[in-house]
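Student: My structure is below; once you've seen it, I'll send some questions.
The values are calculated or read from the model by the stated rules, or taken from the named source; none is laboratory data. On a predicted model such as this, the values are computed, not experimentally measured, just so you know. Here the Cβ is made from the backbone with ideal geometry for all residues, glycine too, and neighbour counts use every protein chain on show. Keep in mind that these areas ignore ligands, DNA and RNA; they rest on the heavy atoms of the full protein, side chains included. Shrake-Rupley method; radii C 1.70, N 1.55, O 1.52, S 1.80 Å.
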Number of protein chains: 2
Amino acid sequence: MTLPPQAGSSTADTPGTPTGSAPGRVVRAIPEATVARLAVYLRVLGQLAEGGAETVSSEELASVAGVNSAKLRKDLSHIGSYGIRGVGYDVASLQHELERVLGLDHPQAVALVGVGNLGHALAGYGGFGGRGFPVTALFDVDPDLVGIKINGIVVHHVRDIPRECPAAGVTIGMIATPAQAAQGVCDKLVAAGVRSILNFAPTVLQVPDEVEVRKVDLAVELQVLAFHVAGRGNAAAAGVDPDAPAVSRVVNGRNGSAVPLS
Amino acid sequence: MTLPPQAGSSTADTPGTPTGSAPGRVVRAIPEATVARLAVYLRVLGQLAEGGAETVSSEELASVAGVNSAKLRKDLSHIGSYGIRGVGYDVASLQHELERVLGLDHPQAVALVGVGNLGHALAGYGGFGGRGFPVTALFDVDPDLVGIKINGIVVHHVRDIPRECPAAGVTIGMIATPAQAAQGVCDKLVAAGVRSILNFAPTVLQVPDEVEVRKVDLAVELQVLAFHVAGRGNAAAAGVDPDAPAVSRVVNGRNGSAVPLS
DNA sequence: CAGTGTGAAGGACTTCACAGCT
DNA sequence: AGCTGTGAAGTCCTTCACACTG
């Protein structure tokens with residue numbers, strides 16, 4: 001049929017790469033799941049630092065981050081031993097360490113394509129968490145939008161992606177267009193050298209292997225929640241439908257990976 | 001700053017529930033990961049149906065959905081045997097089957113709290129993918145917003161959640177407030193009987209076990225992408241930093257779970 | 001002796017590969 | 001012959017539990 005086969009979707013997930021096949025160095029890999037949580041730990045550390053804390057135990061940090069302490073320690077062990085036995089972790093130095101590992105010391109330029117409803121909100125989301133993610137380029141196809149400024153940034157036409165993205169040093173692209181336009185935009189971004197894409201459009205993007213796509217799919221999230229509400233996820237619902245299969249895990253989401261917006 | 005980065009945790013994740021401890025019936029559980037993909041398959045089937053397709057093979061469907069065919073067949077096998085050997089799946093009946101399993105035949109009322117930047121965009125996202133997810137209640141604390149109508153829905157004050165949510169039969173709540181307000185709002189929703197929450201605020205919500213929370217955390221997503229850009233996820237980057245640990249999986253996200261917005 | 005770091009055990013998916021319908 | 005459905009094997013991640021250190 002017509003639909004292109006899709007590849008990229010969300011949470012990265014490529015089988016390949018046998019773990020630890022680096023040339024000169026035996027770098028122990030950091031699990032994908034861990035990387036997402038490190039970002040959460042970093043945010044929590046920021047809050048603790050504001051509160052004046054100088055050290056935290058794995059137990060405290062884990063509880064605020066919503067994970068169990070063993071997992072947190074295992075996660076941190078992937079980046080090295082920065083804890084003090086019998087005491088905990090030094091808040092400030094752990095923060096720096098996490099920023100370094102996540103690569104936040106070299107801020108990335110972000111391009112946003114699609115400045116409609118959602119895109120506009122994203123563009124206004126200044127600094128994305130306050131940490132080095134300036135949206136440096138905006139694109140759309142709507143003549144009414146091209147040319148206007150949002151937060152001081154001019155909206156360019158999508159056709160100019162090939163010129164503007166490299167010029168602005170864009171390394172991360174966000175797609176907030178209607179589904180039909182997403183693949184085309186994605187292709188343009190990839191051609192412009194973008195290797196990391198955050199996709200808000202309800203489509204599975206096809207991309208070459210070197211490109212990482214993460215998706216934020218509201219419809220899917222709601223449907224998963226609906227599944228649980230329908231009593232298919234757990235027996236908590238009032239009248240459990242006897243015909244419905246149940247999910248293995250139940251309520252109360254804790255860790256996981258997703259994209260925040262507001 | 002208006003749009004807060006999100007903390008939400010996202011993909012549900014509770015160890016508990018030993019799989020298959022239902023009283024009268026040995027319902028084989030549907031893995032959480034599968035549920036999220038079923039929603040994607042459903043969307044793809046819709047596109048195929050529009051294109052006039054009557055049947056699809058697991059190979060075709062999988063390719064468009066961005067997963068491998070074995071995984072797709074395993075996923076579908078969790079909901080029963082609706083395929084025809086030697087032929088494939090009947091598009092229409094598989095659609096109905098998926099809708100039934102996901103509980104989309106009983107549309108859920110959704111409440112949205114926080115009608116700022118992002119919240120406003122979400123409220124305007126009419127029908128969320130076109131399928132039964134009417135946003136039936138809006139809340140905020142801003143006096144300038146309380147009382148106005150968005151898409152025909154009046155914005156109520158957050159303090160009225162206890163009254164309005166039950167009245168509107170709300171079963172799913174979406175939180176798009178700044179981080180500081182999120183936990184308070186969450187508590188109100190839970191008190192009002194909401195058992196499923198989609199959190200866009202950059203905070204980890206504390207909820208009782210019966211409540212399922214999924215998060216959409218933009219800051220985390222961008223940081224994960226930044227991690228990969230920094231060459232910590234793969235050796236594809238120009239100058240690979242020898243100090244950086246690498247991630248086990250590399251680029252090109254395939255499956256995963258997230259929320260689409262468009 | 002409190003609290004980290006970690007081998008070992010345990011789960012939850014994923015992928016393989018093939019038996020079995022149509 | 002073609003393609004689904006699925007046991008078995010394999011992988012990635014989580015949880016346990018404990019040795020070890022400050």
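Student: Just wondering, is there one or more residues in the range B:89-99 that are open to solvent by less than 50 Å² (accessible area, probe 1.4 Å), more than 12 Å from DNA strand C (Cβ to nearest atom) and within 9 Å of chain A (Cβ to nearest Cβ)?
Tutor: No - not one qualifying residue is present in the range B:89-99.
Student: I'd like the residue in the range B:37-76 that is at the interface with chain A (Cβ under 10 Å from one of its Cβ atoms), in a helix (DSSP H, G or I) and within 11 Å of DNA strand C (Cβ to nearest atom) and, out of all such residues, is least open to solvent (accessible area, probe 1.4 Å).
Tutor: B:Ala62
Student: Then there is this: Please go through the range B:100-115 and pick out each residue that is within 20 Å of B:Ala29 (Cα to Cα) and either more than 10 Å from chain A (Cβ to nearest Cβ) or of a type in the set (Val, Ile, Thr) (or both).
Tutor: Matches in the range B:100-115: B:Val101 only.
Student: Another question about this same structure. Within the range B:102-120, can one find any residue that is more than 28 Å from B:Val170 (Cα to Cα), in contact (Cβ under 8 Å) with a residue 24 or more places away in the chain, surrounded by 15 or more Cβ atoms within 10 Å (Cβ to Cβ) and not aromatic (Phe, Trp, Tyr)? Before you say what the answer is, go through the steps one by one.
Tutor: As a first pass, look at the range B:102-120 and keep what is more than 28 Å from B:Val170 (Cα to Cα): none.
Within the range B:102-120 (the criterion being more than 28 Å from B:Val170 (Cα to Cα), in contact (Cβ under 8 Å) with a residue 24 or more places away in the chain, surrounded by 15 or more Cβ atoms within 10 Å (Cβ to Cβ) and not aromatic (Phe, Trp, Tyr)), the answer is no, since none of the residues qualifies.
A quick yes/no check of all residues on (1) among the polar types (S, T, N, Q); (2) closer than 19 Å to B:Val44 by Cβ:
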| residue | (1), (2) |
| --- | --- |
| B:Arg85 | no, no |
| B:Gln95 | yes, yes |
| B:Leu112 | no, no |
| B:Thr136 | yes, no |
| B:Gly147 | no, no |
| B:His157 | no, no |
| B:Pro162 | no, no |
| B:Cys165 | no, no |
| B:Met174 | no, no |
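Student: Please tell me if A:Leu76 is within 22 Å of the chain's Cα centre (by Cα), touching a residue at least 40 places away in the same chain (Cβ under 8 Å) and over 23 Å from B:Ala201 (Cα atoms). Break it down stepwise before answering.
Tutor: On the way: within 22 Å of the chain's Cα centre (by Cα): yes; touching a residue at least 40 places away in the same chain (Cβ under 8 Å): no; over 23 Å from B:Ala201 (Cα atoms): yes.
The answer is no for A:Leu76.
Student: Take the range B:152-179 and flag every residue that is without any contact (Cβ under 8 Å) to a residue 40 or more places away in the chain and out of contact with any helix residue (DSSP H, G or I) (no Cβ under 9 Å at 6 or more places or on another chain).
Tutor: Applying the first criterion (without any contact (Cβ under 8 Å) to a residue 40 or more places away in the chain) to the range B:152-179 yields B:152-154, B:156-157, B:159-160, B:162-163, B:166-167.
Those that are without any contact (Cβ under 8 Å) to a residue 40 or more places away in the chain and out of contact with any helix residue (DSSP H, G or I) (no Cβ under 9 Å at 6 or more places or on another chain): B:Gly152, B:Val154, B:His157, B:Asp160, B:Arg163, B:Pro166, B:Ala167.
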